[in-house]
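Q: After the structure tokens below, expect a handful of questions from me.
The values are calculated or read from the model by the stated rules, or taken from the named source; none is laboratory data. Only a predicted model underlies this, so the values are computations on that prediction, with no experimental measurement involved. For neighbour counting, all protein chains shown are included, and Cβ atoms are generated from backbone atoms with ideal geometry for every residue, glycine included. The accessibility values were calculated without ligands, DNA or RNA, using every heavy atom of the protein model including side chains. Shrake-Rupley method; radii C 1.70, N 1.55, O 1.52, S 1.80 Å.
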Amino acid sequence: MAGPMCLCGMMRLLTALFIPVLITSVGLCLIFVLLFICTRLWVQRKKKVEIGKDGKKKKVVAFFHPYCNAGGGGERVLWCALRSLQKRYKDAIYVIYTGDKDASEEQILNGAAARFNIKLSHPVRFIFLEKRGLVEASCYPRFTLLGQSLGSVVLGWEALTKCVPDIYIDSMGYAFTLPLFKYLGGCHVGCYVHYPTISMDMLSVVRSQHARFNNAAFISNNPVLSRLKLIYYYLFALFYGWVGSCSDVIMVNSTWTFSHILDLWKCSDRTSIVYPPCDVQTFLEIDINQHKENEEHSVVSIGQFRPEKDHPLQIRAFAALLEKKTAEQRAKLKLILIGGCRNDEDELRVSELKKLSSELGIPVEFKVNVPFEELKKHLSEATIGLHTMWNEHFGIGESLAILFCKHIIASINILLMDA
């Protein structure tokens, strides 16, 4: 009898709690809805309206690009997009949300002209953000993806409260800002995805317990930690898929990114491949001098100084090559690493690379944030273009380097022949 009596008592307790729990849940939902409506109205009241000469309201198009003064492929996409939009929609107001407080508006525009040979035909407004540090990977030694994503929401909120646009475009991969601008800002939202924040390949790396720059050895060597990280990645992928699906228009940079975004966001009707703008014509016009036997041969790498580019592998590979050469042959070989630094973390990475090259006793030239003309010069003199990123999504620098490898077969024979 004790069993049935206990069961009946449990049922009575649950029945007694049902009504209070239901009332509490409904009350919390109403409070949340009311808070959402009030916040949205407050944000909408901050929206400024400008009237053009034709008496019509000017549209405000805003790009979220916290590192717009960096020198990578993503920044080239940003400036090309702005230049194209300004040519077609001259009456719109264009805004860039950036965290580059250490540079003036003029310096940023001059940097785009020097690095990418891009000049805008109309003015662009800059909204300088104070909380960019919240999206720095260095702030989150553990749960980095989650930390950066939540940090981007805070940074996005700062951007939204400073300027409420009509059209919002995330051009740097901060998908968690999309629902913020769509539902609270009432904006039409779009995004250009260079690389998914999380991909099916990242899940497979953790599942197979392979060590990578984003999967530490102490985790990959431990089955329990690997399983916990896999669960964390799957949950994050679900949230990433939801926030990404909020976008009205989705642009990706390659077929590789396209397939991953379709798997995660499931928005095939709104997703298009828009290949990054490589300045092919400018480079094709350069006269490439044919290399002679007694000339120097340079191996050139182009890419931002980020962990996934795997610059240490390039230095070690070059050191291994030099070991097979005579002193005379080694004197004719040099490695040049060209790339952009976004922040102190990237600059520290360059310092570590310099230390590694010094320890290996090899000469490596580092060209950081170089002007466009200097980049062309190094490429025109290059013998081989080098790239070591695993699962490269689309490298603008690498694509440009390929243009200068017309004589690559002969060059490889010169460089890799037995000493």
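Q: Excluding ligands, DNA and RNA, what is the solvent-accessible area per residue of the range 222-342 at a probe of 1.4 Å, expressed in Å²? Present the calculation step by step, with values, prior to reporting the outcome.
A: Numbers: 6170 Å² over 121 residues.
That works out to 51 Å² for each residue.
Q: Which one of L78, T98, G52 is farthest out on the positive end of the charge dipole of the range 50-105, using unit charges on Cβ (Lys, Arg +1; Asp, Glu -1) and the Cα centre as origin?
A: G52
Q: Continuing with this model, one more query. Determine, for each peptide in 132-143, 177-188, 233-244, the mean count of other beta carbons within 10 angstrom over its residues, then list the peptides with the highest first.
A: Top to bottom by mean Cβ count within 10 Å: 177-188, 233-244, 132-143.
Q: Shape verdict for the range 122-172, please, from the Cα gyration tensor: rounded (a/c under 1.5), prolate (a/b greater than b/c) or oblate.
A: In terms of gyration-tensor shape, prolate.
Q: According to a simple spin-label model (label point 7 Å from Cα along Cα-to-Cβ), what is the distance in nm between E105 and K266?
A: Reported label-point gap for K266 and E105 is 4.4 nm.
Q: Longer than 23 Å from Cα to Cα, which of K59/K131; K48/K90; K131/K354; K131/K355 are they? Say none if no pair is.
A: K59/K131; K131/K354; K131/K355
Q: A further question follows. Need the full-extension length gain, S259 to K354, defined as separation in residues times 0.36 nm minus the C-alpha distance. One decimal, nm.
A: Length difference between fully extended and current span is 30.5 nm.
Q: Additional query: So what J values fall out for the range 167-172 if you push phi through Karplus, 6.51 cos²θ - 1.76 cosθ + 1.60 with θ = phi - 60°, rounded to Hz, Gly and Pro as x?
A: Coupling constants for the range 167-172: 10, 10, 10, 8, 10, 10 Hz.
Q: By per-residue mean of other Cβ atoms within 10 Å, what is the highest-first order of 74-84, 256-266?
A: Ranked from most to least packed, the peptides come out as 74-84, 256-266.
Q: Another one. I'd like to know which of L356, L335, S226 lies farthest towards the positive end of the charge dipole of the range 224-356, counting +1 on Cβ of Lys and Arg and -1 on Cβ of Asp and Glu.
A: So the residue furthest toward the plus end is S226.
Q: Would you please give the FRET efficiency between Q44 and L203, computed as 1/(1 + (r/R0)^6) with r the Cβ-Cβ distance and R0 = 30 Å, to the nearest 0.05? Intermediate results must be reported in sequence, preceding the final value.
A: Numbers: r = 39 Å, r/R0 = 1.30.
Plugging the Cβ-Cβ distance into 1/(1 + (r/R0)^6) gives 0.15.
Q: If you don't mind, there's one more thing I want to ask. Enumerate the amide H contacts of I118 below 5 Å, restricted to partners 5 or more residues apart or on another chain; note that Pro and chain-start residues carry no placed amide H.
A: A113
Q: So, one more: Given H placed 1.01 Å from N in the peptide plane, which residues other than close sequence neighbours of L335 have an amide H under 5 Å from its amide H?
A: So L335 has HN proximity to V299, E365.
Q: Summarise the accessible area of the range 305-373 (1.4 Å probe, protein heavy atoms) by the percent that is carbon and sulfur.
A: Answer for the range 305-373: carbon and sulfur cover 50 percent of the accessible area.
Q: Amide H of I96: which non-local residues (sequence gap of 5 or more, or other chain) have their own amide H closer than 5 Å, using H built in the peptide plane?
A: F63, R125, F126, I127
Q: Could you pull out the pairs from K266/K309; K58/K309; K266/K376; K56/K182; K309/K376 whose alpha carbons sit more than 31 Å apart here?
A: In this structure, K58/K309; K266/K376 exceed 31 Å between Cα atoms.
Q: Cβ neighbours within 10 Å, averaged per peptide: list 165-176, 98-109, 298-309 in order, most packed at the top.
A: 165-176, 298-309, 98-109
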